[in-house]
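Here the structure comes first, spelled out in structure tokens, and everything after it is commentary.
The values are calculated or read from the model by the stated rules, or taken from the named source; none is laboratory data. Everything numeric here is computed off the predicted structure, so don't read it as measured data. A quick note on method: Cβ atoms are made from the backbone with ideal geometry, for glycine too, and the neighbour counts reach across all protein chains shown. For the accessible areas, the whole protein counts, side chains as well, though only heavy atoms, and no ligand, DNA or RNA atoms are used. Shrake-Rupley method; radii C 1.70, N 1.55, O 1.52, S 1.80 Å.
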Amino acid sequence: MKPNFPVIRAFSVTSTAQKILDANPRRKAVLIYNNGTATVYLLSSRNQVAANGIPIPTGANYSSDHFNTQGEYWIIGSGTDDVRIEEDLQGES
């Protein structure tokens, strides 16, 4: 089996919920870093409101090695903000 490898992307967050992660059975861990100037919110569905999401303040990150591989994840902000997403994927066998 090949080793895990990271996939890193920049993402522009707006006040409209946007999908940032698709379901991926090879996902082993994820880190989301808020590189913007305002708090952004991690959502588990497109219709969830920011107040019910997980806040990621400016300069902070959210990481998990228990991130649901079957779920889609969304993010929303109050303007236009910059986030970085690192998704660690298991290599193919």
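Remark: spin-label model distance residue 37-residue 61 equals 2.4 nm, labels positioned 7 Å along the Cα→Cβ axis.
If you build a Gaussian network model of the chain, linking Cα atoms that sit under 10 Å apart, which residue out of 38, 23, 51 swings the most? Answer for the Gaussian network model of the chain: 51.
Net charge of the neighbourhood of residue 10, taken over other residues with C-beta under 10 Å away and scored Lys/Arg +1, Asp/Glu -1, is +1. Label-to-label distance for residue 54 and residue 8 is 2.1 nm, based on points extended 7 Å past Cα in the beta-carbon direction.
Between the labelled values (i) 41; (ii) 56; (iii) 47, the entry that holds percent of Cα pairs over 18 Å apart as derived from this structure is (i). On the chain, 49 percent of the accessible area sits on carbon and sulfur atoms, based on a 1.4 Å probe.
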